[in-house]
Amino acid sequence: MEKQKSFPFIISVALAFLMISGSIWAQPSGEFALRKRQTADGFRVVTANVRQMMKEDYETGNGWDQRKEICRSVIVAQNADIYCIQENRSAITDYLLKAMPGFTLSNTIYRSKQPINPIMYSTKRFKKMNEGGFWLSPTPHVENSMFPGATRRVANWVLLKDKVTGKQLCVINAHLQHDSDSVRMLQMDIMLDFAKTLPPGTPAFMTADFNCGMNSGPMKKTTADGWMDSYAIVHGPAEPGATFHAFHGTEGEKKRVKIDHILINKFLKPVAAEIIKDSRLVDGVRRYPSDHYFVSAELVYTEKK
């Protein structure tokens, strides 16, 4: 008769199985539905302002350590190929990436050694061809430069090769000024100028906490340049309501507009889009992954010239 295996042996086998099959955290919490794909060769994008680590948030139960597991579960449940993050800190993306085997971080510009506006992408789906970044300022390649009246704002970009379709794809991620439409207009010009340097015919999308709705001056600039809001293409042009809610959900949406956008050029087309409102009831209080709703889009390539 074979001897009974020891408890340490059983544990080591179990851990080995988990390592082979992927991270134990790779599956979202059952309370957050895993988003299904609409197409075989499309890819999914999420833009997520994750709210930086603020001490005052702990007083209201919304500190990063208090909500990080919710944030991770919501992000993993999106089943996306690319995540564009705003208000990031190293501890945030380090924590998220532990739950996302096969993902890596693209980030060129750092501030105080922190990755700002990084792009996380699936290495199973994409191969990095090039990456870079620039400051949203009159001198985009001068470190820490800014427009008068602005805070330091940056954009990062990555050029990817899609392993499924063989196409190249450019991703641009930024965070515009929070308190000045005139500054946002100038910052938007810098992003649009960069986009014009892409090789003709390059599929591209641009994400950000733009801090303004699609009817604002900065966003009208983007549409004049041929960029389109993926959510509006799927759901229509009517204002869908706020994406910034200050940790208050529907109560915090009042008198606000959608300010988190996934803008696409004519070489991409959305087949699905969502304002992600997943939350969790904790001790009778509704808790959210961030003070913003995240936004997603499933995109396919077009053959437009």
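Nothing in this text is a laboratory measurement; each read-out follows from the coordinates by a stated rule. All figures in this text were calculated on a predicted structure; none of them were measured in a lab. When we count neighbours, we look across all protein chains shown, and the Cβ atoms used for this are built from the backbone with ideal geometry, even at glycine.
Using +1 at the Cβ of each Lys and Arg and -1 at the Cβ of each Asp and Glu in segment 118-194, identify which of Gly149, Met129, Pro118 lies farthest towards the dipole's positive end.
With unit charges placed on the Cβ atoms, the residue in question is Met129.
Which links in Lys161/Lys221; Lys128/Lys269; Lys55/Lys258; Lys113/Lys266; Lys98/Lys220 stretch past 32 Å when you go from one Cα to the other?
With Cα atoms farther than 32 Å apart: Lys113/Lys266; Lys98/Lys220.
Find, to one decimal place in angstroms, the Kirkwood hydrodynamic radius of the chain, where the mean of 1/r is taken over every pair of different Cα atoms and then inverted.
Over the chain, the inverse of the mean reciprocal pair distance is 20.2 Å.
If you line up the long axis of helix 64-77 against the longest principal axis of the chain, both from Cα atoms, how many degrees apart are they, to the nearest 10?
With both axes taken from Cα atoms, the answer is about 90 degrees.
How far is helix 7-21 tilted off the main Cα axis of the chain, in degrees rounded to 10, range 0 to 90?
Taking Cα atoms only, the helix is inclined about 30 degrees.
So who's got an amide H within less than 5 Å of the one on Gly133, skipping anything under 5 residues away but keeping other chains? H placed 1.01 Å off N, in plane.
The list, which skips near neighbours in sequence, is Trp157.
Against the longest alpha carbon principal axis of the chain, how many degrees, from 0 to 90 and to the nearest 10, is the axis of helix 181-195 turned?
80
In nm, to one decimal, how far is the modelled label at Asp94 from the one at Thr151, with both set 7 Å along Cα→Cβ?
2.3
Sort Asp81, Asp65, Asp283 so that the residue with the fewest other Cβ atoms within 10 Å of its own Cβ comes first and the one with the most comes last.
The order, fewest Cβ neighbours first, is Asp283, Asp65, Asp81.
Give the aspartates and glutamates reachable from Lys196 as a straight Cα distance under 15 Å; neighbours fewer than 8 places away on the same chain don't count.
Asp225
Tell me the mean residue ellipticity at 222 nm calculated for the chain from its helices only (DSSP H runs of n ≥ 4, each -39500 (n - 2.57), averaged over every residue, nearest 500).
Working: 6 runs with 67 residues, N = 305.
Roughly -6500 deg cm²/dmol at 222 nm, from the helical runs in the chain.
DSSP loop (so not H, G, I, E, B), at most 10 other Cβ within 10 Å: list which trypsin sites (Lys or Arg not before Pro) in segment 47-89 pass both filters.
Sparse-neighbourhood loop trypsin sites (Lys or Arg not before Pro): none present.
For Asn79 paired with Tyr58, estimate the spin-label separation in nm (one decimal), with each label point 7 Å from Cα along the Cα-to-Cβ line.
The answer from the label model is 3.8 nm.
Nothing charged except the Cβ atoms of Lys and Arg (+1) and of Asp and Glu (-1): what's the magnitude of the dipole of the chain about its Cα centre? Round to the nearest 20 debye.
My answer is approximately 760 debye.
Which aspartates and glutamates have a Cα less than 13 Å from the Cα of Lys254, not counting those fewer than 8 places away in the same chain?
Lys254 reaches Glu239.
Excluding same-chain residues fewer than 8 positions from Lys68, which aspartates and glutamates have a Cα within less than 18 Å of its Cα?
Glu31, Glu56, Asp57, Glu59, Glu87, Asp94, Asp278, Asp283, Asp291
Could you give the length gained by full extension between Glu31 and Val271, i.e. 0.36 nm per residue of separation minus their alpha carbon distance, to one decimal place?
In short, 83.9 nm is gained.
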